[in-house]
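These notes concern the structure reproduced below.
The values are calculated or read from the model by the stated rules, or taken from the named source; none is laboratory data. A quick note: this is a predicted structure, and the numbers were derived from the prediction, not measured. Every residue, glycine among them, receives a Cβ derived from its backbone with ideal geometry; neighbour counts consider all protein chains shown. The protein model used for the area step is the full one, side chains on, heavy atoms only, and it has no ligands, DNA or RNA in it. Shrake-Rupley method; radii C 1.70, N 1.55, O 1.52, S 1.80 Å.
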Amino acid sequence: SSKTFWTTTGMFPQELIIGFPKCVKISKVAIQCYLVRTLRIERSTSKDPVGFEQCIEKDLQHTEGQLQMEEFSLPEFQATYLRFIIKSAFDHFVSVHRVMAEG
């Protein structure tokens, strides 16, 4: 729902983990967020959310008053879990409104 979102508690880094019912192939990840400065995306193929390895880390552009919309085209990989680490922000609190994974 576009009316729901996940928000940070004001200290960084913060992380959000998304789990899939089974290991899936992913070639693109997109995120809609607000006030995120540095974002890292990691993946795990384990049964439990452990053993993450980095896929990408990027500094996002500040978009005053509107959502940041970022797409990451990645070499196709498999993942059971994706971990989004917000390493820094443009303000004390940030929000994540949508995460999409395609493959």
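Table for the structure above
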read-out	value
Residue that is farthest from ARG83 (Cα to Cα), among those in the range 13-37 that are in contact with a Lys or Arg (Cβ under 7 Å, 6 or more places away or on another chain) and surrounded by fewer than 16 Cβ atoms within 10 Å (Cβ to Cβ)	PRO13
Conditions (1) open to solvent by 50 Å² or more (accessible area, probe 1.4 Å); (2) in contact (Cβ under 8 Å) with a residue 60 or more places away in the chain: number failed by ARG40	(2)
The range 2-12: number of residues that are within 23 Å of ALA79 (Cβ to Cβ) and open to solvent by 100 Å² or more (accessible area, probe 1.4 Å)	1
Members of the range 48-65 that are touching a residue at least 12 places away in the same chain (Cβ under 8 Å) and either surrounded by fewer than 11 Cβ atoms within 10 Å (Cβ to Cβ) or among the acidic types (Asp, Glu) (or both)	GLU57, ASP59
Restricting the range 69-100 to residues that are under 10 Å from the mean Cα position of the chain (by Cα), closer than 14 Å to CYS55 by Cβ and among the aliphatic types (A, V, I, L, M), the residue that is surrounded by the most Cβ atoms within 10 Å (Cβ to Cβ)	LEU82
Options ILE31, ILE85, ILE17; residue that is farther than 23 Å from SER1 by Cβ, among the β-branched types (Val, Ile, Thr) and not in a loop (DSSP other than H, G, I, E, B)	ILE85
Per-region count, the range 55-77, residues in a strand (DSSP E or B) and within 16 Å of SER88 (Cβ to Cβ)	6
